[in-house]
Structures are given as C-alpha cells and as structure tokens.
Amino acid sequence: MEGLEIDWKVLVGQIINFAILFFLLTYFVYKPFLALLKERREKIAEGIKKAQEADEKMLEIEKTKDASDIKNEENRKAIILKAEGEAKTRAGEILQSAEQEKINIIAKAQKDSEVLKEKEKENTKKEIIENAFSLAEKVLKENIDNEKSKKITAEFLNKLKI
Amino acid sequence: MEEISLFGSTIFNFLGINFTNTYILAIICAVLVFAIFAFGMRKKELVPNKLQNFFEFLLESIFNFFDGMTGNRQKTEEIFPLSATIFLLVLFSNLIEIIPGTGVFHFLRSPSSDLHFTIALAIFAMGFVHIVAIAKLGGFQYAKKYIKFESPVMFFVGILELLGEFTRTFSLGMRLFGNLFAGEMLLMVMYSILPFILPLPFLGLELFVAFIQAIVFSSLITVFYVLTTAPEEH
C-alpha cells in the first residue's frame with residue numbers, strides 16, 4: 001500500500017473541476033431556478049392579494065347593493081303611498097265633481113221639466129179657450145134647444161177628459 | 001485483483017498532470033451533472049412542462065431540505081448553489097461505485113474513493129464558506145471569532161477554533177473518502193469471493209451509503225456556513 005502522498009496537481013485539478021461545475025450550475029441552473037421560485041412566489045402572493053381585494057370589493061359592492069336595495073324599497077313604498085294618496089284625492093275630486101254634475105243635471109232636468117210643464121199648461125189653456133170659443137160659436141150658430149145644448153156640453157166635457 | 005491504492009491510478013499524463021481514473025471519472029460526473037440539469041432546466045418557464053417540473057421538484061426538494069437546516073431563507077439561497085452542487089456531484093460519483101465491475105476494471109473507480117476528490121471538495125467548500133463569511137461579517141468581526149483577548153483561556157479557545165476549521169476540512173474529506181473507499185474495497189472482495197451473487201446485498205447497502213454520504217457532506221457544509229456566517233455572540 002502506497003503512502004498518503006497528495007498529488008497537488010491532481011488536487012488542484014479536482015478543485016478546478018468542481019469550481020467549473022459549481023459556477024456553471026450556479027449560472028445556468030440555480031440562479032434561474034431561484035429566480036423562477038421567487039417570481040412564482042410573487043405571482044402567487046399577488047394573486048392571493050388580488051383575490052382578497054376582489055373579495056373585499058365584492059363585500060363592499062354587496063353592502064352598497066343592500067343599502068341601495070333598502071333605499072329603493074323605501075322609495076318604492078313612499079312612491080306607492082304618495083300615489084295612493086294622490087289617487088284617493090283625485091278619486092274624491094272626481095266623485096265630488098261627478099256629484100256636482102249629477103246635481104246640476106238633475107236641477108237642469110227639473111228646470112226643463114217645469115218649463116215644459118208650464119208650456120204644456122199654456123198650450124192646454126189655449127186649447128181650452130179655443131175649444132170654449134168654438135163651442136160657443138157652435139151653440140150660437142145652430143141655436144139649439146136646451147137638451148141639445150146639454151148634449152153638446154156633455155160631448156165637449158167628454159172630449160176634455162180624453 | 002487490482003493493487004489496493006488510496007488514490008486513483010494514472011491513465012495518462014498531459015502537461016505534467018496525472019489524469020487518474022478517478023479524476024477522469026470526476027470530470028465525466030461533472031459533465032453529466034451539468035448536462036442533465038442544464039437540459040432539464042433549459043426552458044425556465046413560469047408554467048413548467050413535465051420535464052422542467054420534475055427537475056424543479058428535485059431542486060426544490062434539495063432546497064427545502066437545506067432550508068430546514070438553516071431556518072433562514074436568505075442563508076439557504078446563499079449556500080444552496082454550493083451545497084446542491086456538492087450533493088449532486090458526490091451522489092453521482094458515489095453511484096459509480098454501484099456499477100458492476102467497479103474496482104475490478106482498471107478504469108472504473110468511484111471518484112469519491114480517491115482522497116484527492118474528497119479533499120478538493122472540502123477545501124473548495126470550506127474556502128467558499130470562509131470567503132463569504134468575511135464578506136458578510138467584515139474582516140474584523142470575522143477575526144474576532146478566532147482571536148479573542150478577553151482572557152488567556154478564551155485566547156486558547158480561539159486558537160483551538162481556528163485549528164478546528166482545518167480539522168473540519170480534513171475530516172470532511174476523510175469521512176467521505178473512508179466510507180466510499182471501504183465500500184469499494186468491500187465490493188471488490190465480495191466480487192473476488194463469489195462474483196454476481198455475493199456482492200448483491202452489499203450493492204444495496206452501498207447504494208444507501210452513497211446517498212447518505214452525499215447528504216452528510218452537503219449538510220455539514222450548510223451547517224458550517226450557518227455557524228461561520230453567524231456574528232460572534234458575547
């Protein structure tokens with residue numbers, strides 16, 4: 001068995017061999033690998049941050065939506081109440097005006113009927129007078145006896161009844 | 001049977017450098033490791049394909065393993081390139097031992113069973129750790145770790161710690177070398193007694209040892225890095 005004599009040239013050669021491998025791997029493999037890891041970590045962290053922000057925004061939007069829903073509901077109710085009130089007022093007005101019109105129409109109809117009644121009365125009066133005159137004429141012209149006169153008068157009165 | 005040697009045997013000599021079988025295999029291992037991982041990670045897309053995903057899974061598993069040891073992501077990112085390179089290269093070089101015929105054929109010997117390889121790794125790794133520690137802590141703060149004037153005892157402790165750095169480096173190299181060399185010798189003996197059948201259970205054992213030793217070496221470097229770059233506490 002040979003002694004423990006180090007061949008310095010081989011030793012330095014081995015160091016150089018390892019050093020070359022170390023620098024090549026560091027430059028071509030480890031650095032890009034660590035950069036990739038870092039980039040991926042950053043991307044993941046960024047993704048998580050964005051997702052959290054999106055969740056927060058979503059919550060905010062939901063809160064705003066809920067608040068606006070409540071406000072809308074209140075507005076809707078107020079509008080409905082207002083519309084109902086207005087409708088009631090309007091209906092009252094319409095009813096009042098219809099009632100007034102009805103009264104007016106009835107009054108007018110009564111007035112018209114009274115006028116008509118008066119007219120009819122006048123006409124009847126005129127007709128009676130005319131008939132009385134014609135009867136008198138007839139009586140005078142024919143110079144009839146008392147019985148005939150009574151008959152003619154009875155006929156005239158019957159006519160009047162019709 | 002080959003003559004048992006602590007170092008690899010020279011295949012050829014070029015420019016005065018002895019290219020031993022272990023040195024050549026170490027170069028081949030380095031090329032393989034780089035080729036495989038550079039190929040696997042060539043696309044570098046944010047949404048990976050299956051191949052990139054597989055290699056990312058491997059690297060991330062290694063990264064998370066070291067991260068669990070440092071407990072500090074920034075420190076893990078600093079030491080990960082070195083620890084991962086050591087882990088991958090040592091694992092590859094250890095696994096060569098499992099190829100049937102290792103130790104029998106002249107050209108086939110695990111680089112990890114050569115003291116040059118393991119010591120070279122330990123020297124480079126510890127050198128890197130100390131250079132980064134000086135850069136991070138500053139020369140004065142770094143020196144305070146080893147030169148202590150609080151009391152004669154502390155001064156002696158500082159000297160011991162300084163010596164400890166050298167012994168750590170040496171023990172790192174020796175540990176890996178010892179395990180792999182012993183494993184290789186064991187397999188060689190088993191092959192010589194009853195080829196193909198007798199080495200089988202030992203091949204399984206060596207597979208386990210190969211993995212464990214790769215983890216141990218890279219983990220120790222990670223731990224040393226964390227300890228060395230930590231500021232001195234009073």
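The values are calculated or read from the model by the stated rules, or taken from the named source; none is laboratory data. A quick note: this is a predicted structure, and the numbers were derived from the prediction, not measured. Glycine gets a Cβ as well: all are built from the backbone with ideal geometry, and neighbour counts include every protein chain shown.
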* So, of the residues in the stretch B:30-60 that are more than 7 Å from every other protein chain (Cβ to nearest Cβ) and small (Gly, Ala, Ser), which turns out to be nearest to the chain's Cα centre (by Cα)? -> B:ALA35
* To do: Go through the stretch B:14-29 and give me each residue that's of a type in the set (A, V, I, L, M), at the interface with chain A (Cβ under 9 Å from one of its Cβ atoms) and in a helix (DSSP H, G or I).
  => B:ALA26, B:ILE27
* Would it be correct to say that B:THR118 is hydroxyl-bearing (Ser, Thr, Tyr), closer than 26 Å to A:ARG41 by Cα and surrounded by 19 or more Cβ atoms within 10 Å (Cβ to Cβ)? -> no
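Kindly indicate which of B:SER113, B:SER83 is among the hydroxyl-bearing types (Ser, Thr, Tyr), within 11 Å of chain A (Cβ to nearest Cβ) and under 18 Å from the mean Cα position of the chain (by Cα).
Values: B:SER113 fails: within 11 Å of chain A (Cβ to nearest Cβ).
Among B:SER113, B:SER83, only B:SER83 is among the hydroxyl-bearing types (Ser, Thr, Tyr), within 11 Å of chain A (Cβ to nearest Cβ) and under 18 Å from the mean Cα position of the chain (by Cα).
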* Please go through the stretch B:1-13 and pick out each residue that is hydroxyl-bearing (Ser, Thr, Tyr) and either at the interface with chain A (Cβ under 8 Å from one of its Cβ atoms) or assigned to a loop (DSSP other than H, G, I, E, B) (or both). => B:SER5, B:SER9
* Asked: Do we find a residue being modelled with pLDDT of 85 or more and either within 14 Å of another protein chain (Cβ to nearest Cβ) or under 17 Å from the mean Cα position of the chain (by Cα) (or both) anywhere in the stretch B:132-146?
  -> yes
* To do: Being assigned to a helix (DSSP H, G or I) and more than 7 Å from every other protein chain (Cβ to nearest Cβ) is the filter here, so list the residues in the stretch A:2-19 that pass it.
  => A:TRP8, A:VAL12, A:ILE16
